[in-house]
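Okay, so here's the structure we're looking at.
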Amino acid sequence: MASIRCFLRFYYQVIFCIVTSRPSLFQVNVRDALNQAMDEELERDERVFLLGEEVAQYDGAYKVSRGLWKKYGDKRIIDTPITEMGFAGIAVGAAFAGLRPICEFMTWNFSMQAIDQVINSAAKTYYMSAGAQPVPIVFRGPNGSSAGVAAQHSQCFAAWYGHCPGLKVVSPWNSEDARGLLKAAIRDNNPVVFLENELMYGVPFDLSEEVMHKDFVLPIGKAKVERQGTHITLVSHSRCVGFCLDAAAVLAKEGVECEVVNLRTIRPLDVDTIETSVIKTGHLVTVEGGWPQYGVGAEICARIMEGPAFNYLDAPAVRVTGVDIPMPYAKILEDHSVPQIKDIIFSVKKVLNM
């Protein structure tokens, strides 16, 4: 009987050690991760403020700024008229004056009304002033296709803004990306285009205590390998990273180990991480929701061809992209116009000649 009690005591001690040694995890959706990041930076630095359509009393069109107006008031959470050119210009001018504005576009499609302010006023001023005038501003909002909003509200702007020197362009996938990269963007002295995804706002992810710390930031310009693999490299950003991981899980059952690279940043592009992965696997597929011509995948393929990793490729690289048409409204056509998991699996098998 004593030996049984001794065994049970040892068993419970082992279970207790296993449970208590696990890092504490907090489940946070992408919307709340963005909200927390802004809240902590508003509290940390009184120069930070948020402006945009419905960001204050309505808590934001997608509730990303929920509770901030009640906490910080009218001077730091500012509702604007429906005039993107106007309030983007106000935000850029505030950055010139030493403040650190967060300028929210209700969607990045509406940023086309303000693109002169983003490109000519924000992106080029630091260079044109010979480094005398920094522009610490974040332009943020949902990017890419949503659901049922048709051609004028379903564009990915990663390649549009990634084309312009003077901007940093960030495209987060999960809650860790959203939290760490938005805090880094707000602290950065350069204009940052922050491309969120509407369909990811409500998706929860587990975050560690380290990520939840108020000083946790992720470096802009550094990709992350989300899954290790040896047979083929999948490179993606934003929502399509999740598709790549799902496709990799399916392919693993067939003996194909995919390495999944989450870009996190479009500009500057972390070419080193991509090259290291391609040299290891010998194969490359890029995945993005935007159009194919002059897209993010096209740039990645060009960089690989121009660099040392090209000599390690055992087959041509392949791009998985949105279809080269304006987004249809009908759901069945919409589903066929953006990358799906089956498209990634098909492309991987094509590259591997399966």
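The values are calculated or read from the model by the stated rules, or taken from the named source; none is laboratory data. Note that the structure is a prediction, hence the values are computed from the model and not measured. In this analysis, Cβ positions are derived from the backbone assuming ideal geometry, glycine residues included, and neighbour counts consider all displayed protein chains. Only protein heavy atoms, including side chains, enter the accessible area calculation; ligands, DNA and RNA are left aside. Shrake-Rupley method; radii C 1.70, N 1.55, O 1.52, S 1.80 Å.
Here are a few things to note about the model shown:
Listed here are the residues, each with its yes/no results for (1) farther than 19 Å from Phe243 by Cβ; (2) under 26 Å from the mean Cα position of the chain (by Cα); (3) small (Gly, Ala, Ser).
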position: Ala302; (1), (2), (3): yes, yes, yes
position: Asp314; (1), (2), (3): yes, no, no
position: Val318; (1), (2), (3): no, yes, no
position: Val323; (1), (2), (3): no, yes, no
position: Pro326; (1), (2), (3): yes, yes, no
position: Lys331; (1), (2), (3): no, yes, no
position: Pro339; (1), (2), (3): no, yes, no
position: Val348; (1), (2), (3): no, yes, no
position: Val351; (1), (2), (3): no, no, no
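- Residue in segment 149-165 that is open to solvent by 10 Å² or more (accessible area, probe 1.4 Å), assigned by the TED database to the domain that holds Val64 and aromatic (Phe, Trp, Tyr) present: yes
- Residue pairs whose Cβ atoms lie under 8 Å apart, separated by 6 or more positions or on different chains, with the first residue in segment 63-89 and in contact (Cβ under 8 Å) with a residue 60 or more places away in the chain and the second open to solvent by 70 Å² or more (accessible area, probe 1.4 Å) and part of a loop (DSSP other than H, G, I, E, B), do not occur.
- The residue that is farthest from Asp39 (Cα to Cα), among those in segment 238-255 that are in contact with a helix residue (DSSP H, G or I) (Cβ under 7 Å, 6 or more places away or on another chain) and open to solvent by less than 10 Å² (accessible area, probe 1.4 Å), is Leu251.
- Counting only strands (runs of 3 or more DSSP E) that sit completely within segment 133-199, those holding 2 or more residues that are touching a residue at least 40 places away in the same chain (Cβ under 8 Å), of a type outside the set (Ser, Thr, Tyr) and touching a Phe, Trp or Tyr at 6+ places or on another chain (Cβ under 6 Å) correspond to 138-142, 168-170.
- Unmet requirement for Gly322, which otherwise passes all of (1) outside any helix (DSSP H, G or I); (2) open to solvent by 20 Å² or more (accessible area, probe 1.4 Å); (3) within 30 Å of Gln152 (Cβ to Cβ): (2)
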